[in-house]
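All remarks here apply to the structure that follows.
We did not get these values from a lab; they are worked out from the coordinates using the rules stated. Predicted, not measured: the structure shown is a model, and the values here were computed from it. Cβ atoms come from the backbone with ideal geometry, glycine included; neighbour counts cover every protein chain shown.
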Number of protein chains: 2
Amino acid sequence: MTGTLAPPGRRERKKAATRQALHVAAQELVAERGLAAVTVEAIAQRADVATRTFFNHFSSKEEAVLGWDPAEADEITADLRAALGEGLGPLDAIEVAVQAATERAAVDSEAFRQRMALVRSEPLVLAASYAQWERLTAAMVEVVEGAVGPGLYASLVVAVAVAAARTARLEWAQNPGVDLRATLHATFTALRAGLAQPAPTRPEHR
Amino acid sequence: MTGTLAPPGRRERKKAATRQALHVAAQELVAERGLAAVTVEAIAQRADVATRTFFNHFSSKEEAVLGWDPAEADEITADLRAALGEGLGPLDAIEVAVQAATERAAVDSEAFRQRMALVRSEPLVLAASYAQWERLTAAMVEVVEGAVGPGLYASLVVAVAVAAARTARLEWAQNPGVDLRATLHATFTALRAGLAQPAPTRPEHR
DNA sequence: CGCAAGCTTGCACGCTGTGCAAGCTTGCGT
DNA sequence: ACGCAAGCTTGCACAGCGTGCAAGCTTGCG
């Protein structure tokens, strides 16, 4: 749905390569030693660049571990805008955009699940993750406001939907064998149902 | 509803005083110069304690600006547990607990609004705020799981409700003259209604 | 071929956050 | 009343973080 249309020049590819190398190095090192025992210097060293260069790409090791591309946010808001344009309600439109983003990110499902686990286990990574979601939230609010006007409702629906999506991802990460797409859909369905309380302990005893 | 029943000894009062002094100093300095231009050393100096002491109370200047008391989270979860015990559904129970917490925090409405404004304008303070909400969320999930069993639903309802409460506070902070209690209730009402889209630009043209 | 833009690098520097050990106050039991 | 144990404060040292700046090198383009 959303793709890189223009093949970037050698320069941008090199830059992206450095970024990717740093991201991978950070992930590996954290997996090996745990976040606390990893320094920016060590990451840069493994990626074979200067320490200073690290900070040209990420502003903290947590960010490097996550490795989110700022372009992702743009893709999501573009999808959101499109879905809204097709007459979907804000909540449905957000679901569509988030589903699309997830498909894109989960190409390598295993690595993705592992990253989620890191977010769960390392509070500082979680904080960095929040920062990214926050940026995305702000952008999405702007788009939704374009459709329904500014005010509490726009902020609310986006904040809530983002929280739901985040929860779905984290919950999925620790339940092997479950489909992320289905989990996401379940959360949005629950939202639309006003978060009514489901059957006690077991969802369906049948 | 929730109070400090045992009058704490001199020792604990002194400790609390130091903490409060640091909190106030941090707020004032940030208000004067902006967060970036404030150092931990400056805060400690104004509070008339050693720099090292600062870190015995807060782990960053952002935390000091917020000045959240860890005990607050305990009070909220206690209220939540009580509300659940009275047979309220999870969402309603959370609303009750959050409303009570807000009453307690908003004693000085003006200072409270000002703090919210800081959260809005300083991204790092916002991040610290997220960290606190996150801690609260985890505690609340545990309580809700006690009532409805573990699983996606418990995590979801808490995450979403917290997001709604946070949104209500922030939205309220920049709309003078509005009642926070009413704003909060409006968000939870919207949640229960499945976040259905309200009338386009103006809520009611009538 | 040559120039401008932009990425990388090294250097310097101030600030952050924590471990450790010493000093002082407080609370409490004898 | 006394003295001890717990705990808060303080100074010191130190590793690590994050940024500004200027120089060097590669890339893209006319």
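Go through (1) within 10 Å of DNA strand C (Cβ to nearest atom); (2) touching a Pro at 6+ places or on another chain (Cβ under 9 Å); (3) of a type in the set (A, V, I, L, M, F, W, C) for B:Leu84 and report which single condition fails. Checking B:Leu84 against (1) within 10 Å of DNA strand C (Cβ to nearest atom); (2) touching a Pro at 6+ places or on another chain (Cβ under 9 Å); (3) of a type in the set (A, V, I, L, M, F, W, C), the one that fails is (1). Just to be sure before I move on: is A:Glu75 of a type outside the set (Val, Ile, Thr), away from DNA strand C (no atom under 15 Å from the Cβ) and within 21 Å of the chain's Cα centre (by Cα) in the structure I sent? When the stated conditions are applied, A:Glu75 passes them.
Anything in segment B:100-140 that is of a type in the set (Ser, Thr, Tyr) and within 15 Å of B:Glu171 (Cα to Cα)? List them, or say none. Answer for segment B:100-140, where residues must be of a type in the set (Ser, Thr, Tyr) and within 15 Å of B:Glu171 (Cα to Cα): B:Thr102, B:Ser109, B:Ser121.
No other residue among A:Arg166, A:Arg192 is of a type in the set (D, E, K, R) and either touching a strand residue (DSSP E or B) at 6+ places or on another chain (Cβ under 7 Å) or within 24 Å of B:Glu122 (Cα to Cα) (or both) apart from A:Arg166.
The set of residues in segment A:49-97 that are in contact with a Leu (Cβ under 8 Å, 6 or more places away or on another chain), away from DNA strand D (no atom under 16 Å from the Cβ) and within 14 Å of chain B (Cβ to nearest Cβ) comprises A:Pro90, A:Leu91, A:Ala93, A:Ile94, A:Glu95.
Residue-wise test of (1) farther than 17 Å from B:Val160 by Cβ; (2) of a type in the set (Phe, Trp, Tyr); (3) surrounded by fewer than 18 Cβ atoms within 10 Å (Cβ to Cβ).
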position	(1), (2), (3)
B:Asn56	yes, no, yes
B:Glu63	yes, no, no
B:Trp68	yes, yes, no
B:Ala78	yes, no, yes
B:Leu84	no, no, no
B:Leu91	no, no, no
B:Glu95	no, no, no
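Helices (runs of 4 or more DSSP H) fully within segment A:1-93 that include at least 3 residues being more than 30 Å from A:Val143 (Cα to Cα): A:10-33, A:40-47, A:51-57. Restricting B:Arg52, B:Arg81 to residues that are farther than 28 Å from B:Thr183 by Cβ and not aliphatic (A, V, I, L, M) narrows the list to B:Arg52.
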